[in-house]
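The values are calculated or read from the model by the stated rules, or taken from the named source; none is laboratory data. Worth saying up front: this structure is predicted, and the values here are computed from it rather than measured. Here Cβ is always computed from backbone atoms with ideal geometry, including for glycine, and neighbour counts include all displayed protein chains. SASA here: full protein model, heavy atoms, side chains in, ligands and nucleic acids out. Shrake-Rupley method; radii C 1.70, N 1.55, O 1.52, S 1.80 Å.
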Amino acid sequence: MRVVVIDKVVASADAAVADIPDGASLAVGGFGLVGVPELLIGALLEQGATNLETVSNNCGTAGSGLGVLLAANRIRRTISSYIGDNAEFARQYLTGELEVELTPQGTLAERMRAGGAGIPAFFTPAGVGTQVANGGLPLRYDARGAVLVVSPAKETREFGGQTYVLEHAIVTDYALIHAYQGDRLGNLRYRRSARNFNPAAAAAGRITVAQVEQLVEPDAMDPDDIHTPGIYVQRVVPVGPVHVGIEKRTVRT
């Protein structure tokens with residue numbers, strides 16, 4: 001019997017994102033500055049795709065993560081949990097340049113996970129009794145700061161005497177994620193807090209691209225250590241060690 005091994009390794013980040021078209025939707029891993037696929041995002045910036053819709057816990061910071069695509073006005077719409085201290089995110093949102101669907105953090109993670117599991121929708125108590133369920137959250141402002149588009153009301157239902165709101169799963173055209181280890185079959189292992197939104201984002205993408213710090217052979221990882229099975233991953237890009245610029249040091253003068 002002949003065994004065919006599917007080698008999913010791509011030579012460079014540039015090659016891995018070369019076919020992402022204008023208007024594509026992207027699930028992007030990371031939480032704050034940890035576990036963010038910086039090299040893939042940088043390659044996409046150079047590639048030039050625009051009018052993108054991103055799904056990520058946050059939209060990066062100034063000069064980091066999705067913040068570089070945002071600053072270049074390449075993101076049309078984003079589904080995120082919070083704005084944080086990203087002043088450009090806030091500015092674009094309030095001036096009508098960016099459509100924003102703010103979603104509770106756990107709900108966002110589950111919407112991506114459900115998309116990967118083939119579950120079309122689910123009920124959750126998060127957001128019941130608020131504009132998340134009742135509608136009216138500003139999705140887009142106009143250039144003068146007036147609300148132009150608001151979120152619609154969502155279906156609610158009672159189970160066991162408690163009210164739940166229906167949330168729809170998320171499936172995107174592509175997913176960009178960061179992993180500590182990956183093999184040629186696309187199996188991935190995350191390290192510590194970088195195992196945040198990356199597994200959910202990896203599942204949500206129809207085409208998932210993973211940048212990995214260490215490329216290992218298929219038999220190098222214990223099956224119990226594999227967090228994302230290779231069936232979810234189409235492209236693996238070895239990038240070597242990465243630096244997380246989150247440290248804020250205070251020293252004596």
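If you work out Rg and Dmax of the Cα atoms in Å from the coordinates, which of (1) 23.4, 72; (2) 19.0, 69; (3) 18.0, 58 do you get?
Only one listed value fits the structure, namely (2).
Compute, for the chain, the length of the dipole vector about the Cα centre, with Cβ point charges of +1 (Lys, Arg) and -1 (Asp, Glu) only. Units Debye, rounded to 20. Present the calculation step by step, with values, prior to reporting the outcome.
Working: 22 positive and 26 negative charges, 78 e Å.
It works out to roughly 380 debye.
For region 75-222, give me the percentage of DSSP beta bridges that are antiparallel, rounded to the nearest 5 percent.
Details: 13 of 27 bridges.
If I count the DSSP bridges inside region 75-222, around 50 percent turn out antiparallel.
Given a 1.4 angstrom probe, I'd like the percentage of the accessible area of region 1-92 that is carbon and sulfur, rounded to a whole number. Intermediate values should be presented prior to the final figure.
Numbers: 2220 of 3890 Å².
With neighbouring chains kept in place, the figure for region 1-92 is 57 percent.
So what's the gap between the Cα centers of region 76-111 and region 167-244, to the nearest angstrom?
One Cα centre to the other: 24 Å.
Please say if region 105-185 is rounded, prolate or oblate, where rounded means a/c under 1.5 for a ≥ b ≥ c the square roots of the C-alpha gyration tensor eigenvalues, and otherwise the choice is prolate for a/b larger than b/c and oblate otherwise?
Details: a/c = 2.87, a/b = 1.31, b/c = 2.20.
Cα axes put region 105-185 in the oblate bin.
In debye, nearest 20, what is the charge dipole magnitude of region 143-226 about its Cα centre with +1 on Lys and Arg Cβ and -1 on Asp and Glu Cβ, if you could check?
On the way: 9 positive and 11 negative charges, 103 e Å.
That gives region 143-226 a dipole magnitude of about 500 debye.
Given a 1.4 Å probe and the protein chains all in place, what does the accessible area of ARG74 round to, in Å² to the nearest 10?
Counting only protein heavy atoms, ARG74 exposes about 30 Å² to solvent.
In whole percent, and with a 1.4 Å probe on the protein chains, what portion of the accessible area of region 114-253 is carbon and sulfur?
Taking all protein chains in place, region 114-253 shows 51 percent carbon and sulfur surface.
So how do GLU167, GLU158, GLU38, GLU99 rank on accessible area, 1.4 Å probe, biggest first, that is with the largest at the start?
Details: GLU167 5, GLU158 125, GLU38 70, GLU99 30 Å².
If we order GLU167, GLU158, GLU38, GLU99 from most to least accessible, we get GLU158, GLU38, GLU99, GLU167.
Of GLY67, LEU137, PRO223, which is farthest along the charge dipole of the chain in the positive direction, counting Lys and Arg as +1 and Asp and Glu as -1 at C-beta?
With unit charges placed on the Cβ atoms, the residue in question is LEU137.
Could you compute how much accessible surface VAL212 exposes when probed at 1.4 Å, giving the result in Å² to the nearest 10?
0
Please work out the Kirkwood hydrodynamic radius for region 1-140, using every pair of different C-alpha atoms, and report it in angstroms with one decimal place.
Averaging 1/r across every pair of different Cα atoms and inverting gives 16.4 Å.
Rounded to the nearest whole Å², what accessible area per residue is found for the chain with the 1.4 Å probe? The partial results should precede the final answer.
Working: 12470 Å² over 253 residues.
Ligands and nucleic acids excluded, the figure is 49 Å² per residue.
Out of all DSSP beta bridges with both ends in the chain, state the antiparallel percent to the nearest 5.
Details: 16 of 45 bridges.
Antiparallel: roughly 35 percent of the beta bridges in the chain.
What fraction of the DSSP beta bridges in region 168-220 is antiparallel, stated in percent and rounded to the nearest 5?
Numbers: 2 of 12 bridges.
Antiparallel bridges: around 15 percent, rounded to the nearest 5.
From the residues SER151, LEU108, THR163, which one has its Cα farthest along the dipole of region 102-227 in the positive direction, the dipole being from +1 and -1 charges on Cβ of Lys/Arg and Asp/Glu about the Cα centre?
It is SER151, whose Cα lies furthest towards the positive end.
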